[in-house]
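Comments concern the structure below.
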Amino acid sequence: MTTTATPARSGFATGLAAIAPLLLGVVPFALVVGVAAANSAIGVWPAWATGFIIFAGAAQLVTIDLFDSGAAAAVIVATALVINLRHMMYSAALASSFRAFPAPWRFGLPYLMTDQAFALSITHYDDHPDPVYRRWYFFGAGIGLWAPWQAGMTVGVIVGAQVPASWSLDFAVPLVFVVLVILAVRNIPTLVAAVVGGVAAVVGMDISYNLGLILAALLGVSAGVAAERMRS
Amino acid sequence: MNPWVVIAIIGLGTYLIRLSFVAAFGYYGVPAWLESPLRYVAPAVIAAIVLPLLVAPEGRVDVSLDNVRWIAGLVAIGAALKTRSLALTIVVGMAALWILQALL
């Protein structure tokens, strides 16, 4: 018997193959989160477990960073969830395809949602209507990022615990955020949102419980919306 | 609050956000009033997190030569704009920090 390409098999393999080159950006990110976890004020176990429990890099890094700066629990939750709000757009865009999946898949696959798995699937689905192929493709792309993410974080935790503080490896955290901001700034309104948000956060730095961060986020988003309206 | 509880709430919330429209039968999209603000959440929030880390690493604004992090941050912004690569920006940014720490 030959191993003929079933939709499940070929969907899974194609998803895995599609995510592989993107790991060049994912693994260094996971290492940085792991290093941050190793030196976190909340202890290494809960910080490391964010990989499984939250599984969203920017939100994990923000959670660890805000815990370390002594922010209020409500501020940490609000900030992390606001960062992940973009997943709502992904959920909306994939809803019509996912609706053809059996319930365990429909409720399981969203856990594996990432910017990368979404971007790959939404474009790939156009030419591949078979729901069996589609769900295995998403699973391949999703798990193909999930496993290296956990592995990369674990390596980061082990390495981060060995490296002396004088190496200033904690600086990798703002560096990751710098890249994320640069990639998020695509036009004038997004630039306005970033500048206003950043400056407001510095001005409001001393507001208790890091509430200044929430205020800065609101101001930045409002400024972005206003800039968009002015342009159109 | 116990960190495990905070992390669990964020984890559950994140999952529910990811699930939202997949599970919500009858709704086919993000409401129009939310679409525009969602575009600006990432740049606004992430910039709000990173700028204080660069210009005020010790908790007060310091853009003098005593604080090498904002200078290394500028170098990293340049690297990110040029390469758009996470790995390369980390390498360039860390190198800039170490060189500045050695020099200043």
Taking chain B and counting helices only, DSSP H stretches of n ≥ 4 at -39,500 (n - 2.57) each over all residues, the nearest-500 ellipticity at 222 nm comes to -26000 deg cm²/dmol
extent check for the protein assembly as shown: Cα max minus min per principal axis, descending, whole Å, gives 68, 48, 42
Region A:99-212: relative contact order from alpha carbon pairs under 8 Å, six or more residues apart, as a whole percent, is 17 percent
At q = 0.13 1/Å the base-10 log of I(q)/I(0) from the Debye formula over the alpha-carbon atoms of region A:91-148 is -0.26
Helix-only [θ] at 222 nm, chain A, -39500 (n - 2.57) per DSSP H run of 4+, per residue, nearest 500, equals -24500 deg cm²/dmol
Sorting A:19, A:164, A:50 by the position of each Cα along the dipole of the protein assembly as shown (Lys, Arg +1; Asp, Glu -1; all at Cβ), the one nearest the positive end of that ordering is A:19
Square roots of five times the C-alpha gyration tensor eigenvalues of region A:1-75, ordered largest first and given in whole Å, equal 36, 12, 10
Summed over the other residues with a beta carbon less than 13 angstrom from that of residue B:23, with K and R at +1 and D and E at -1, the charge totals +3
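Report the net charge of residues surrounding residue A:189, where surrounding means a beta-carbon distance below 11 angstrom and charges are Lys +1, Arg +1, Asp -1, Glu -1.
Details: positive: A:186, A:229, A:231, B:39; negative: A:228.
Spelling it out: positives minus negatives among the neighbours equals +3.
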Quick calc, chain A, dipole around Cα centre from Cβ unit charges on Lys, Arg (+) and Asp, Glu (-), nearest 20 debye, gives 540 debye
Percent of all alpha-carbon pairs of region A:111-232 at distances over 18 Å, whole number, is 71 percent
The percentage of Cα-Cα pairs in chain B separated by more than 18 Å is 68 percent
Reduced to Cα centres, the span from region B:1-19 to region A:110-150 in Å works out to 23 Å
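So what is the relative contact order of chain A, in percent, for Cα pairs below 8 Å that sit 6 or more residues apart? Could you put the intermediate results ahead of the total?
Values: 273 pairs, mean separation 71.3, N = 232.
Relative contact order, chain A: 31 percent.
Bear in mind that the values in this text are calculations on the coordinates, not laboratory data. Please read all numbers here as calculations on a predicted model, not as lab measurements. Note that we place each Cβ from the backbone using ideal geometry, even for glycine, and neighbour counts take in every protein chain shown.
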